[in-house]
Amino acid sequence: MFIVLVGPPGAGKGIQGERLSKHLDAPWLSTGDMLRSAQHAQTPLGREAQGFLEKGDLVPDPIVIGIVSDRLEVGDCDDGCLFDGFPRTIAQAEALDELLLHRDTPLDLALELRVDDEIILERLSGRNREDDTLNTIANRLRVYASRTKPVLDYYGTENNLCTVDGVGSVDEVFRRILKCINDHQPRNK
Ligand code: AMP
């Protein structure tokens with residue numbers, strides 16, 4: 001299955017994504033992780049992305065789409081994969097549709113992990129990541145509302161969206177995710 005995980009920062013995409021990828025035995029593609037690795041390794045891509053990551057702004061679409069497109073070429077995603085934190089804009093969602101259609105493996109499901117802003121702020125202020133300062137968190141939430149929420153409408157219209165309540169224990173949320181996947185009738189299968 002090809003699945004995208006969409007949710008605000010701190011919704012639990014990382015922890016649930018990693019677990020789901022093991023469960024489905026499908027690669028887990030986190031653009032945030034790829035960008036952070038590039039930043040720490042100070043590759044040209046990492047240097048380009050650094051300022052955006054530090055401010056909590058989105059890295060420009062062509063860069064992120066390029067990373068995902070290259071990653072899909074690796075060859076381990078032929079039967080499916082889990083995109084975590086991608087797409088975050090309508091342009092990225094359209095590009096992903098094109099990339100997947102070109103490979104004849106259209107997207108099966110968009111999973112939204114929904115968590116309210118107040119809970120996010122509580123969760124993230126206890127986390128220890130470089131981009132988790134209060135200003136950056138506030139900016140990332142604004143960016144999510146303005147740039148990424150429209151992506152949910154995009155998938156909703158396509159009938160591909162399943163929304164999961166992201167508040168609860170890791171196990172509870174994971175069970176809700178599995179139910180979503182089980183209940184979902186893939187369009188093209
Ligand atoms: P994440 O680990 O998914 O929270 O992503 C951390 C940061 O990486 C984000 O705040 C953005 O600066 C950048 N990033 C990750 N994925 C994307 C994406 N799909 N588009 C643009 N920027 C991204």
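Within the range 38-57, track down each residue that is away from the ligand (no atom under 11 Å from the Cβ), surrounded by fewer than 17 Cβ atoms within 10 Å (Cβ to Cβ) and either within 23 Å of THR148 (Cα to Cα) or within 15 Å of the chain's Cα centre (by Cα) (or both).
Selection gives GLU48 alone.
Every residue, every condition in (1) under 13 Å from PRO9 (Cβ atoms); (2) among the hydroxyl-bearing types (Ser, Thr, Tyr); (3) in a loop (DSSP other than H, G, I, E, B); (4) under 17 Å from the mean Cα position of the chain (by Cα), yes or no:
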{"position": "LEU107", "(1), (2), (3), (4)": "no, no, yes, yes"}
{"position": "ASN128", "(1), (2), (3), (4)": "no, no, yes, no"}
{"position": "ARG142", "(1), (2), (3), (4)": "yes, no, no, yes"}
{"position": "THR148", "(1), (2), (3), (4)": "yes, yes, no, yes"}
{"position": "ARG175", "(1), (2), (3), (4)": "no, no, no, no"}
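Just the residues that are of a type outside the set (Asp, Glu), assigned to a loop (DSSP other than H, G, I, E, B) and more than 15 Å from the ligand (Cβ to nearest atom), please, taken from the range 72-105.
Across the range 72-105, the qualifying residues are VAL74, GLY75, CYS77, GLY80, ARG103, THR105.
Out of the range 28-50, which residues are more than 29 Å from ASP117 (Cα to Cα) and either in contact (Cβ under 8 Å) with a residue 40 or more places away in the chain or among the polar types (S, T, N, Q) (or both)?
Selection gives GLN42, THR43.
Look at LEU20 and say whether it is at pLDDT 95 or above and within 12 Å of the ligand (Cβ to nearest atom).
No, not satisfied.
The values are calculated or read from the model by the stated rules, or taken from the named source; none is laboratory data. Just so it is clear, the structure is predicted and the values come from calculations on it, not from any experiment. Reconstructed Cβ throughout: ideal geometry from the backbone, glycine too, with neighbour counts over all protein chains shown.
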